[in-house]
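*Asks:* Please see the structure below; I have some questions.
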Amino acid sequence: MADKIKVTIDGQHIEVEPGTTILNAARQIGGESVPPAMCYYSKLKGSGGKCRTCLVKVSKGSEKDPRPMPKLVASCQTQVMDGMEVENMTSPEVLEARKGVVEMLLINHPLDCPVCDQAGECDLQNLAYEHGAAGTRYEFERRKFNKINIGDKIQLHMTRCILCYRCVYTADQITDGRVHGILNRGDKAEISTYIAQAIDNDFSGNVIDVCPVGALTDKTFRFKNRVWFTKPVDAHRDCENPKCSGKVVLWYKGEEVLRVTGRKDQYGEVESFICNTCRFDKKKTNDWVIEGPRQIEDTSVISSNHYEMEHMLPVVEKDPELMEQNQKMFHKKIQ
Amino acid sequence: MAGKKILLEHIDVPGINTYEVYRKMGGYRSVEKAIKSMSPDDVVEEVKKSGLRGRGGAGFPTGMKWSFLAKPEGRPRYLVCNADESEPGTFKDRYLMEKIPHALIEGMITSSYALGANTSYIYIRGEYFYVLRILEKAIAEAYANGFLGKNILGSGYDLDLYVHPGAGAYICGEETALLESLEGKRGNPRIKPPFPAVAGLYACPTVVNNVETIAAVAPIVNMGGDEYAKIGVGRSTGTKLISAGGHLNRPGVYEIELGVPVEEFIYSDEYCGGIKNGKKLKAVVAGGSSVPILPANLILKTANNEQRLMSYESLADGGFVSGTMLGSGGFIAFDEDSCIVRNTWNFARFYHHESCGQCSPCREGTGWMEKILHRLEYGHGKMSDIDLLVDVSKKIEGNTICPLGDAAAWPVASAIRHFRDEFEWHVNEPKLCLERNYGISQKHEVVM
């Protein structure tokens, strides 16, 4: 096995396998230094490089060739070299460029978050909140498209799309028989199901999960509820479809399962793809084996309505045994 | 400097587009010389010695590009000629292919031999369909005379040459988008690395060169690299085809020896013969629409008050602050009455239309710039728009997958850098501007 190579990202050292991209090396470090990614999806081959939000500065190319790279590079595409030094949050140039990219992504985005089903779990919303400016300098009409139904379960609202191409790769790689692609070019480009032919495939529902914005939404969930009012629960079932993992998140409102999605990790990527039967048809609690409440990031708006202890109760704090039990239960440190 | 002609030497010979006449004028000698007396590496070495630089715009040394070509065992290599000439202001390749198609084909055979390619492609712009017919006829003639096909000149070297038309997208002139398009896919630029020299067409090592670059290989092999390097000035060797357009007395395609002073090129009777109607020169776009525009004083003399020459180095003197690029040689001159804002808007509109839409800064930014420029041009602009334009162009430049983003940003940024007063005039005196540009009376209110 080849030797591991050393990289420094924002002053933090890590050793990774050769061939790792800067973004994945940063994800191994975790925390602040991970560049945001709107189009890269580790489970989809060929994705990435398009949105340009993950741009970073390479201030030292490698041990052998210490010259810095002349331009900012897309960290999801650039492989690490031994001794490479990368600046992400520490470089004002990167932050400035990223702010520019966020602005570009938003100029043709309708900003209809109040009526968008994705609000609360939207990558673009999070990105704009963290890296964008408060106002817009764009004073022209935004592009508009009509809503298109892709089959009876999925709706495409192209106006919201940021053309990350993730759904195209999903259609290409996860479903069999691709009927999904990009039409036209420039800012007139649009996602198409090849002349509006509906996607009819067992795995087509995954395009909803990979969509970073609210362009592809679940018609069985549309306008049912805000995500932060629902309660996510991990569950699984033995799916008849051999390609489907059957591991899902059920989103409850009271006793009712409002929707079923794949399990998304902290970077908004599903752990495994699920089939349409699991996603759209199994909406009763007794279809599933419940595993327990879904852990949601503290920063997410979804966790804001759940009972979370900010501080340990004094009685727990004094008793190490209770403390241990508590930590086991919540799978995380409570301060 | 008398005009030394290499590529267009026999342009006036009647019937030069046919095989017989071209052969009689010394055509296909380079193929014979290369295949019979040189090894492929010898040819690459001659090209390296010649100092030939890419004629498509970037000006990268061709010999070096060729030597980067990976040569793995058991996998084919390809040579692709980029004839997708769509840069506004550039029309030299069309002229060459239309008039002397065999010059390109001879260059293709010699270059393919040097690179060890047994299949080569000419990717031609869709709008040049009639040129495609000319090329196909010429290729058929070359096949009939044993310069293409199996066992060329009894040497055991095989080469098949195909012409493939694009579908009318500027972006397919970008080499990786061209390869995608050639493979039958949507013409989106690829993310580099890998570079085409390692994984290009059908994931095999590929060299993509401009028409003029490939055509120049034949005379280099004929006269030898050292001899070719004597032509020109400094590291800008050889001759270059310049497509001169705009407000010139004699627009057209000129073959110049690199190093001709810009002033001589514009004003001498041998070349463009001065500005039309005796007007004054206002500005020049020296290398196709993508390169920064320069005002008359900076195009004739550099910032150090030296004479500016038509060469890669001299035009780039001063960086982007006071210089430009030779680019593809699309030389556009503007007279004193032309409107820089209108012209910049026109370019911005082009890049907006041609952006592939793959990466966000270019997809959204080109449209945004076009809209702001449109507003300025039609008298609805604000003073803050000018700085906004500069800022947007900076946000695009360098942050995109392919150079189209840069190409869209440079003309806008340079126009504002050198002609800021004219932009301000558009904001302050919108009615005067409209009257000058469109002859609309001052009383008339224009509704956008």
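The values are calculated or read from the model by the stated rules, or taken from the named source; none is laboratory data. Predicted model, so just to flag it, every value in this text is computed and none were measured. Don't worry about glycine lacking a Cβ; one is built from the backbone with ideal geometry, like all the others, and counts go over all protein chains shown.
*Asks:* So, B:ASN277, is that one of a type in the set (S, T, N, Q), out of contact with any Leu (no Cβ under 6 Å at 6 or more places or on another chain) and at positive phi or not?
*Replies:* In short, yes.
*Asks:* Which of the residues that make up the stretch B:210-252 are part of a strand (DSSP E or B) and crowded, with 21+ Cβ neighbours inside 10 Å?
*Replies:* Keep residues of the stretch B:210-252 that are part of a strand (DSSP E or B), which gives B:210, B:232-233, B:236-237, B:239-246, B:248, B:252.
Once the filter is applied, which keeps residues that are part of a strand (DSSP E or B) and crowded, with 21+ Cβ neighbours inside 10 Å, the stretch B:210-252 yields B:ASN210, B:GLY232, B:SER236, B:THR237, B:THR239, B:LYS240, B:LEU241, B:ILE242, B:SER243, B:ALA244, B:GLY246, B:LEU248.
*Asks:* What residue, of B:LEU104, B:LEU69, is at negative phi and surrounded by 23 or more Cβ atoms within 10 Å (Cβ to Cβ)?
*Replies:* Working: B:LEU69 fails: surrounded by 23 or more Cβ atoms within 10 Å (Cβ to Cβ).
Step by step, each of B:LEU104, B:LEU69 is checked, and only B:LEU104 is at negative phi and surrounded by 23 or more Cβ atoms within 10 Å (Cβ to Cβ).
*Asks:* Condition check: crowded, with 22+ Cβ neighbours inside 10 Å, under 26 Å from B:GLY329 (Cβ atoms) and either modelled with pLDDT of 95 or more or among the hydroxyl-bearing types (Ser, Thr, Tyr) (or both). Does B:SER30 satisfy that? First the steps, then the outcome.
*Replies:* Details: crowded, with 22+ Cβ neighbours inside 10 Å: yes; under 26 Å from B:GLY329 (Cβ atoms): yes; either modelled with pLDDT of 95 or more or among the hydroxyl-bearing types (Ser, Thr, Tyr) (or both): yes.
When the stated conditions are applied, B:SER30 passes them.
*Asks:* If you don't mind, another one. Can you tell me which of B:LEU161, B:LEU153 is touching a helix residue (DSSP H, G or I) at 6+ places or on another chain (Cβ under 6 Å), within 30 Å of B:GLU73 (Cβ to Cβ) and buried (at least 20 other Cβ atoms within 10 Å of the Cβ)?
*Replies:* Values: B:LEU153 fails: buried (at least 20 other Cβ atoms within 10 Å of the Cβ).
Result of the check over B:LEU161, B:LEU153: B:LEU161.
*Asks:* Moving to a separate point now. Does the stretch A:147-168 contain any residue that is in contact with an Asp or Glu (Cβ under 6 Å, 6 or more places away or on another chain), within 14 Å of chain B (Cβ to nearest Cβ) and either crowded, with 22+ Cβ neighbours inside 10 Å or hydroxyl-bearing (Ser, Thr, Tyr) (or both)?
*Replies:* Within the stretch A:147-168, not a single residue is in contact with an Asp or Glu (Cβ under 6 Å, 6 or more places away or on another chain), within 14 Å of chain B (Cβ to nearest Cβ) and either crowded, with 22+ Cβ neighbours inside 10 Å or hydroxyl-bearing (Ser, Thr, Tyr) (or both).
*Asks:* If you check B:ALA169 against the conditions, is it in the same structural domain as B:GLY200 (by TED's automatic domain parsing), in contact (Cβ under 8 Å) with a residue 60 or more places away in the chain and closer than 30 Å to A:ARG185 by Cα? Steps first, please.
*Replies:* Details: in the same structural domain as B:GLY200 (by TED's automatic domain parsing): yes; in contact (Cβ under 8 Å) with a residue 60 or more places away in the chain: yes; closer than 30 Å to A:ARG185 by Cα: yes.
Spelling it out, B:ALA169 is indeed in the same structural domain as B:GLY200 (by TED's automatic domain parsing), in contact (Cβ under 8 Å) with a residue 60 or more places away in the chain and closer than 30 Å to A:ARG185 by Cα.
*Asks:* I'd like to verify a number: residues in the stretch B:277-330 that are out of contact with any Pro (no Cβ under 9 Å at 6 or more places or on another chain), closer than 22 Å to B:GLY232 by Cα and charged (D, E, K, R), how many?
*Replies:* Selection size over the stretch B:277-330: 4.
*Asks:* Go through the stretch A:268-304 and give me each residue that's out of contact with any Leu (no Cβ under 9 Å at 6 or more places or on another chain), β-branched (Val, Ile, Thr) and modelled with pLDDT of 90 or more.
*Replies:* Within the stretch A:268-304, A:VAL270, A:ILE274, A:THR277, A:VAL289 meet the criteria.
*Asks:* Something else: Being among the small types (Gly, Ala, Ser) and farther than 30 Å from A:GLY61 by Cβ narrows it down to one residue among A:GLY135, A:GLY100; which is it?
*Replies:* A:GLY135
*Asks:* Another question, then. Among what's in the stretch A:39-72 and is of a type in the set (A, V, I, L, M) and either more than 14 Å from chain B (Cβ to nearest Cβ) or over 17 Å from A:GLU96 (Cα atoms) (or both), pick the residue that is surrounded by the most Cβ atoms within 10 Å (Cβ to Cβ).
*Replies:* Within the stretch A:39-72, the first condition is being of a type in the set (A, V, I, L, M), and the residues that meet it are A:44, A:55-56, A:58, A:69, A:72.
If we keep only those that are either more than 14 Å from chain B (Cβ to nearest Cβ) or over 17 Å from A:GLU96 (Cα atoms) (or both) as well, we get A:44, A:69.
Working: A:LEU44: 22, A:MET69: 15.
By that ranking, first place goes to A:LEU44.
*Asks:* Only one of (1) at pLDDT 90 or above; (2) in contact with a Gly (Cβ under 6 Å, 6 or more places away or on another chain) is not met by A:CYS211, so which one is it?
*Replies:* Condition (2) is where A:CYS211 drops out.
*Asks:* Consider the stretch B:1-55. How many of its residues are touching a strand residue (DSSP E or B) at 6+ places or on another chain (Cβ under 8 Å) and either in a loop (DSSP other than H, G, I, E, B) or hydroxyl-bearing (Ser, Thr, Tyr) (or both)?
*Replies:* Here is the first cut: in the stretch B:1-55, the residues touching a strand residue (DSSP E or B) at 6+ places or on another chain (Cβ under 8 Å) are B:1, B:3-8, B:48, B:50-55.
Filter once more, so that each one left must be either in a loop (DSSP other than H, G, I, E, B) or hydroxyl-bearing (Ser, Thr, Tyr) (or both): B:1, B:3-8, B:50-52, B:54-55.
Qualifying residue count for the region: 12.
*Asks:* Which of the residues belonging to the stretch A:124-143 are within 14 Å of chain B (Cβ to nearest Cβ) and part of a loop (DSSP other than H, G, I, E, B)? Walk me through it before giving the result.
*Replies:* Within the stretch A:124-143, the first condition is being within 14 Å of chain B (Cβ to nearest Cβ), and the residues that meet it are A:124, A:127-128, A:131-133, A:135-143.
A:GLY132, A:ALA133, A:GLY135, A:THR136, A:ARG137, A:TYR138, A:GLU139, A:PHE140, A:GLU141, A:ARG142, A:ARG143, listed by residue number.
*Asks:* Taking the stated definitions as given, is B:PRO411 under 25 Å from A:MET69 (Cα atoms), surrounded by fewer than 24 Cβ atoms within 10 Å (Cβ to Cβ) and touching a residue at least 60 places away in the same chain (Cβ under 8 Å)? Quick ask: steps written out before the conclusion?
*Replies:* Numbers: under 25 Å from A:MET69 (Cα atoms): yes; surrounded by fewer than 24 Cβ atoms within 10 Å (Cβ to Cβ): no; touching a residue at least 60 places away in the same chain (Cβ under 8 Å): yes.
Considered against the rule, which asks whether it is under 25 Å from A:MET69 (Cα atoms), surrounded by fewer than 24 Cβ atoms within 10 Å (Cβ to Cβ) and touching a residue at least 60 places away in the same chain (Cβ under 8 Å), B:PRO411 comes out as no.
*Asks:* For the stretch B:301-333, give me each residue that is closer than 20 Å to B:ALA58 by Cβ, in contact with a helix residue (DSSP H, G or I) (Cβ under 9 Å, 6 or more places away or on another chain) and surrounded by fewer than 16 Cβ atoms within 10 Å (Cβ to Cβ).
*Replies:* Hit for the stretch B:301-333 is B:PHE320, nothing else.
*Asks:* So, one more: Return the residues of the stretch A:76-113 that are among the β-branched types (Val, Ile, Thr) and more than 16 Å from A:ILE29 (Cα to Cα); say none if nothing qualifies. Break it down into steps so the answer makes sense when it comes.
*Replies:* Keep residues of the stretch A:76-113 that are among the β-branched types (Val, Ile, Thr), which gives A:78, A:80, A:86, A:90, A:94, A:101-102, A:107.
Passing the criteria: A:THR78, A:VAL94, A:VAL101, A:VAL102, A:ILE107.
*Asks:* Let me ask you something else. Has the stretch B:152-161 got any residue that is acidic (Asp, Glu) and out of contact with any His (no Cβ under 8 Å at 6 or more places or on another chain)? Break it down into steps so the answer makes sense when it comes.
*Replies:* Of the stretch B:152-161, the ones acidic (Asp, Glu) are B:158, B:160.
Within this subset, residues satisfying the condition of being out of contact with any His (no Cβ under 8 Å at 6 or more places or on another chain) are B:158, B:160.
Within the stretch B:152-161 (the criterion being acidic (Asp, Glu) and out of contact with any His (no Cβ under 8 Å at 6 or more places or on another chain)), the answer is yes, since at least one residue qualifies.
*Asks:* Looking at the stretch A:176-192, is at least one residue surrounded by 22 or more Cβ atoms within 10 Å (Cβ to Cβ) and of a type in the set (Ser, Thr, Tyr)?
*Replies:* no
Per-residue answers, yes or no, for (1) farther than 30 Å from B:SER311 by Cα; (2) more than 14 Å from every other protein chain (Cβ to nearest Cβ); (3) modelled with pLDDT of 95 or more; (4) within 23 Å of the chain's Cα centre (by Cα):
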site	(1), (2), (3), (4)
B:SER328	no, yes, no, yes
B:ALA333	no, yes, yes, yes
B:GLU336	no, yes, no, no
B:THR344	no, yes, yes, yes
B:ALA348	no, no, yes, yes
B:TYR351	no, no, yes, yes
B:CYS356	yes, no, no, yes
B:CYS359	yes, no, no, no
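*Asks:* Collect the residues in the stretch B:56-91 that are assigned to a helix (DSSP H, G or I), touching a strand residue (DSSP E or B) at 6+ places or on another chain (Cβ under 8 Å) and among the hydrophobic types (A, V, I, L, M, F, W, C), keeping them in residue-number order.
*Replies:* Of all residues in the stretch B:56-91, those assigned to a helix (DSSP H, G or I) come to B:62-67.
Still in the list and also touching a strand residue (DSSP E or B) at 6+ places or on another chain (Cβ under 8 Å): B:62, B:65-66.
Of everything in the stretch B:56-91, just one residue is assigned to a helix (DSSP H, G or I), touching a strand residue (DSSP E or B) at 6+ places or on another chain (Cβ under 8 Å) and among the hydrophobic types (A, V, I, L, M, F, W, C), namely B:TRP66.
*Asks:* Name the helices (runs of 4 or more DSSP H) wholly inside the stretch B:92-191 in which the number of residues that are within 22 Å of B:TYR254 (Cα to Cα) is 2 or more. Reasoning before the result, please.
*Replies:* Numbers: elements: B:92-99, B:101-115, B:129-144, B:175-182.
So the answer is B:92-99, B:101-115, B:129-144.
*Asks:* Out of all the residues in the stretch A:97-123, which are within 11 Å of another protein chain (Cβ to nearest Cβ) and not β-branched (Val, Ile, Thr)?
*Replies:* Going through the stretch A:97-123, the residues within 11 Å of another protein chain (Cβ to nearest Cβ) turn out to be A:97-109.
Within the stretch A:97-123, A:ALA97, A:ARG98, A:LYS99, A:GLY100, A:GLU103, A:MET104, A:LEU105, A:LEU106, A:ASN108, A:HIS109 qualify.
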